[in-house]
Amino acid sequence: MSKLSDLTIAGMRDGLAGKSFSATELAESSITAIEAARDLNAFVTEAPEKALEMARTSDARIAKGEAGPLEGIPLGIKDLYCTEGTLTTASSHILDGFVPGYESTVTANLWGDGAVMLGKLACDEFAMGSSNETSYYGNVINPWRNRGSNKPLVPGGSSGGSSAAVAARLCPGATATDTGGSIRQPAAFTGTVGIKPTYGRCSRWGIAAFASSLDQAGPITRTVRDAAIMLRSMAGHDPKDSTSVDIALPDFEAALTGDIRGMKIGIPKEYRMDGMKAEIETLWTQGIGWLKDAGAEIIDISLPHTKYALPAYYIVANAEASSNLARYDGVKYGLREQGVDITELYEKTRAAGFGAEVKRRILMGTYVLSAGYYDAYYLRAQKVRTLIKRDFEQVFETIDTILTPSTPTAAFAAGEKTDPIDMYLNDIFTVTVNMSGLPAISIPAGLSSEGTPLGLQLIGKAFDEETLFRVGGVLEEAAGFDAAPENWWA
Amino acid sequence: MYEEARETDPKKYIAGAAGDWELVVGLEVHAQISSKSKLFSGASAEYGGEPNDHVSIVDAAMPGMLPVINEFCVRQAVKTGLGLKAQINLRSVFDRKNYFYPDLPQGYQISQFKDPIVGPGTVLLDMKDGARVEIGIERLHMEQDAGKSIHDQHPSKTYVDLNRSGVALMEIVSLPDIRSSEEARAYVTKLRSILRYLGTCDGNMEEGSMRADVNVSVRRPGDPFGTRCEIKNVNSIRYVGQAIEYEARRQIDILEEGGSIDQETRLFDPKSGKTRAMRSKEEAHDYRYFPDPDLLPLEFTREWVDEIAAELPELPDEKRARLMSDYGLSAYDAGVLVADQASSAYFEKVATGRNAKLAVNWVMGDLSASANEKNVGLDQVGISPDQLGGLIDLIEDKTISGKIAKDVFEILLAEGGDPRTIVEDKGLKQVTDTGAIEAAVDEVIAANPDKVAEVREKPRMAGWFVGQVMKATGGKANPKAVNDILKAKLGL
Amino acid sequence: MSFDSATVQKIARLARIAISDDEAEKLQGELSAILGWVEMLNEVDVEGVAPMTSVTPMTLKKRRDEVTDGGYAEKVTANAPESDEHFFVVPKVVE
Ligand SMILES: [Mg+2]
Ligand SMILES: [Zn+2]
């Protein structure tokens, strides 16, 4: 580790506290790293001036002894989060030129705790994708490559800009969002840590909505500790979000005790999918062994409705999306294509503004809500959702957390998956959690046969992120994942 | 399935070229909830304002904006439900009604579809002919108002102002129980009166606080319902009546010529008094209602509802019954008085502790006439309840006669002042001193011996003597005393 | 379940997205495949199961009736593609 930007959040925090370096130096180091990494295409908007200005303010606060918990820590922000005065696009052409006059609650919380914004990170358009190939601003490239290959791999999605930037050490942490796996899957694909907290833990206010009942903000970082530090600052009750919960916010970092003796870990048999790659199976078995060695009890469980989660998800998420994205109509902000009348204006604007995947999902969502189909699709999916959640409630009566693989494969090549359903299957292990509102974390646990990262997922009880951090810390320690992508981009 | 609750009086039928037609009307009234801020945002709900000034980024549907419900609006809706003697649903759900329109910034309206906050209720109408008509309320739900599209600001553009966007509305849906334009007008009037009593809507139709979607169909008596047309956004009670009359006639003409009615949305043009089909023939609506995932079901307890019920004011029907029994008002007079809260309050201030009959006569007589003349409420005529009460007191204690009272009333109207002071200053006091009256009688008798002879033949002539005595006393003599003394002196 | 192109066009119209015939044809296949795939939900017995309304147990939050927002027409219309004197402007809408 030669550069300041290579440090973790905890490392930066210690260095700043010990006056080893200033926040301005940290920001400068990150800015340099970002400028050198443009081949990754991780940022839609770089904000170096803003970063330096915020860093100077941090230095002043540190000098006065008024440092916040994230004082001077430079972070990347997924471009789904509205940031006052900074272009916010959701990686969509339809938000062309949109500069919000307001700040999302989560980012406001981060700035309130002293963090510094480096810029806005690309994602799949409106968070709809699993590979970051649907951004209007082009694909994000995974810093990792298959051993001996130059072929670009996807960084996962939708928070691919976030995962790529953290993996490439452009920033020690980034905000992300997870609707069906969009934090955990890109974390798994890039050897980073990503946690989707319990639905309601972080405010959704000021984050462009994809699917309201599923969307949840969370961090991507390089360590479990960093995730705990960052989530604590992001989370908290927000009176502006009717679905944000008003409960005590624990000190997540304090949950990292390293002691999981006697904890009960569930292993769901339904996650052993047909045709699952042997290396995924092996990784999972390894993970079970590590936790057992640490004194946890392993219990076989069943979550019978698992396989229905993905199709039910695509109905619910797309239905909500079709309505949430109706506001992008060329009237109030963003792109407008001229039309002879208002209908043509709408139709041309939305045709030009949305990419193929977003259109596909809007149409699918419109269809499942339309007259005569609502009961058969949307209502049925919401009933199945109740059953999926019930599965978890039942097993959590006897266990503390569930261990599964994060993804069915390692990062794949850009352009490799062209069939939508094939792409959707990426989320098969992650989506059940969104359907149930539960928290889950992905932890880098090993390398694929191609030398790219693989992750393990821990699923927790509602509002029990602490257990995820505790067990996750142990898993991280046991896995000892210290691989880093070769720096080919700088 | 809706079962028809009433039979129509054949007198209400509309005569056609070949037999009678029966009119069937149902109303959806949109009433703006009286509140300071909007249903789901903290922007002002006040009428007017500079363009887009009463607008928050939530109302403008900026990316990432979320609704948070206004508790007071919920309370207002429950209160209204109670006032309509309706079922209050302890659990209701907000749905999104999806459609595109420039003044609908979210691309959907947050409304209540399957599970409204208020279920079935009733509104009672008192018709002029004394009939009481019961109109069923199907439901009341809460929803957001849209913004305003202004089409006449520019030759080729529509201007959009979102000040109304997100303002809380109650949509009150009646059953198709209304059978005449008169009943429709009475229904809206009564509904408005109930809402005003409750303080849940100001009922100001000029400012759009109340608008009605009017569903009109016709049929041969005894037939099933005909195809209906919906006339959108009618914004005065008078227009409701006109729109229905025009629309009924239009439908009858079509049917009598062998045509059929297209179910369609129409607009009423107050200038021509006609309805016309909306020009934007939109494809069949498919609103794709589904529960708003940004909100949770709206739930509250029976206790909370009971608390609101306990605070309910006396409503028009109850007040009407009380005015009839306490003050002996006729059903019609009581109905007229309670329609306007200020008028009935005025009346009660005048009548309390006074001769009710006198109070009724004065309030419903001279005061109402002045109010009608000025086209204002009873409380705005310019005579306070204390002034009118004081005047009545003077009649009651025989300080003045009823006739003089009318003069004092005119003075009060023109100049104001205290009635007793006016009577004293102008010397209008009634003379009850029999000595003074006797002197005047003697004088008249002495001056008219021929008339005295005449009156003994024709006692009907006595009136002439009364007139002379009154004239001599400047109208202030007590008429009964004058009569008695005259009769005695003339030996009649 | 399979989509015909008329259905695709109808849905696209509802969603206010102009699509070409070529796009409609492609979408027809893709949407048919996705809907075919979600058909597996029909295997699930949902008899008597309540549809999910709230994914985590909570009650609806309410605000007090106070004016706390608005009064910034400039900010509201700052990003508008077309505006005039703080009005949003669109092509003439005929009613
Ligand atoms: Mg209506
Ligand atoms: Zn309505």
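Summary of computed values
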quantity	calculated
Neighbour-count order for B:117, A:207, B:404, A:73, fewest beta carbons within 10 angstrom listed first	B:404, B:117, A:207, A:73
Helical mean residue ellipticity (222 nm; -39500 (n - 2.57) per DSSP H run of 4+; nearest 500) of chain C	-10500 deg cm²/dmol
Inverse of mean 1/r across different Cα pairs in chain A, Kirkwood, Å	22.2 Å
Chain lengthening between residue B:204 and residue B:324 when straightened (0.36 nm per residue, less Cα-Cα)	40.3 nm
Exceeding the 23 Å Cα-Cα cut-off - candidates B:406/B:471; A:196/A:359; B:85/B:349; A:277/A:417; A:359/C:62	A:196/A:359; B:85/B:349; A:359/C:62
For C:39, B:22, A:320, order by how many other beta-carbon atoms lie within 10 Å, fewest first	C:39, B:22, A:320
Pairwise label distance in nanometres, residue B:461 with residue C:47, each label 7 Å out on the Cα-Cβ vector	10.7 nm
Calculated from backbone phi, Karplus (6.51, -1.76, 1.60) coupling profile of region A:355-369 in Hz, x at Gly/Pro	x, 4, 5, 5, 4, 4, 6, 4, 5, 4, x, 5, 5, 5, 9
Kirkwood hydrodynamic radius of region A:374-427, from inverse mean 1/r over distinct Cα pairs, in Å	14.4 Å
Karplus (6.51, -1.76, 1.60) ³J(HN,Hα), θ = phi - 60°, over region B:266-275, in Hz, Gly and Pro reported as x	10, 10, 9, 9, x, 5, 8, x, 10, 9
Cα-based convex hull, region B:316-425, per residue volume (Å³, whole number)	88 Å³
Whole-number D in µm²/s for chain B (Stokes-Einstein; Kirkwood sum over Cα pairs; 4 °C, 1.567 mPa s)	48 µm²/s
√(5λ) per eigenvalue of the Cα gyration tensor, region A:28-131, largest first, Å	25, 16, 11
Cα radius of gyration and Dmax for the protein assembly as shown (Å)	38.3, 145
Chain C: relative contact order in percent, alpha carbon pairs under 8 Å with at least 6 residues between	20 percent
Cα-only Debye scattering, chain C: base-10 log of I(q)/I(0) at q = 0.12, 0.24 Å⁻¹	-0.89, -1.18
Over 20 Å between alpha carbons, listed pairs B:79/B:128; A:50/A:120; A:269/A:307	B:79/B:128
For chain A: relative contact order, % (alpha-carbon pairs under 8 angstrom, 6 or more apart)	18 percent
Positive minus negative residues near residue A:234 (Lys, Arg vs Asp, Glu; Cβ under 10 Å)	+1
Sparsely packed trypsin sites (Lys or Arg not before Pro) within region A:72-151, loop by DSSP, other Cβ within 10 Å at most 13	A:147
Helix C:5-14 vs. chain C, principal-axis angle (Cα, 0 to 90°, nearest 10)	20 degrees
Total formal charge among the other residues, if their Cβ is under 10 angstrom from that of residue B:251, Lys/Arg +1 and Asp/Glu -1	+1
Exposure proxy ranking, count of Cβ atoms within 10 Å, fewest first, for B:451, B:319, A:332	B:451, B:319, A:332
Beta bridges per DSSP with both ends in chain A, % antiparallel, nearest 5	65 percent
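The numbers here are math on the coordinates, done by the rules we state, and not lab data. Everything numeric in this text was worked out from a predicted model, so none of it was measured. Backbone-built Cβ (ideal geometry, glycine too); neighbour counts: all protein chains shown.
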